[in-house]
């Protein structure tokens, strides 16, 4: 288990990659974001990017990739928020996505003794080395001991 004190700043980590298929994009969008350009390849021809993945789908994929970077569990209590989320490029069927991340800052929690707040930067990158999604996320992390 990695606690607040164990987490280093500015150490870049990268995940393995995963490929999004047309079927995955359509299945996710039908359930959670049923826009024509996410669910219907023919209708998507009328849109500038054609059939593309939902931003929510891309974010969900980033969480899975990010959580699989390390086999060591972080003592996270939960997320506190997402900031500066940007969808820079469309994600298309066949795109291979990977995550690059680093811990940008950390501080002790003022309201929860025994915990700290960690801010991480996450970039989702495709096979062309284009950032398709970026965001910062804050999490509440347990400390080893109360000081």
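Data overview
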quantity: Principal-axis tilt of helix 22-32 within the chain, Cα atoms, nearest 10 degrees; calculated: 70 degrees
quantity: Mean-position separation - Cα centroids, region 1-17 and region 125-147, in angstrom; calculated: 9 Å
quantity: With Cα atoms, 0 to 90° folded angle of helix 55-67 axis to the chain main axis; calculated: 40 degrees
quantity: Average Cα contact separation per residue, the chain, under 8 Å, 6 or more apart, as relative contact order %; calculated: 31 percent
quantity: Space enclosed by the convex hull of the alpha-carbon atoms of region 1-115, per residue, Å³; calculated: 129 Å³
quantity: Residues residue 105 and residue 70, FRET efficiency given R0 of 25 Å [Cβ-Cβ distance, rounded to 0.05]; calculated: 0.80
quantity: Ellipticity estimate at 222 nm from DSSP helix runs (n ≥ 4, -39,500 (n - 2.57)) divided over the chain, nearest 500; calculated: -6000 deg cm²/dmol
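Computed from the coordinates by the stated procedures, all read-outs in this text should not be read as laboratory data. The shown structure was predicted, so the numbers you read here are calculated from the model rather than taken from an experiment. Here Cβ is always computed from backbone atoms with ideal geometry, including for glycine, and neighbour counts include all displayed protein chains.
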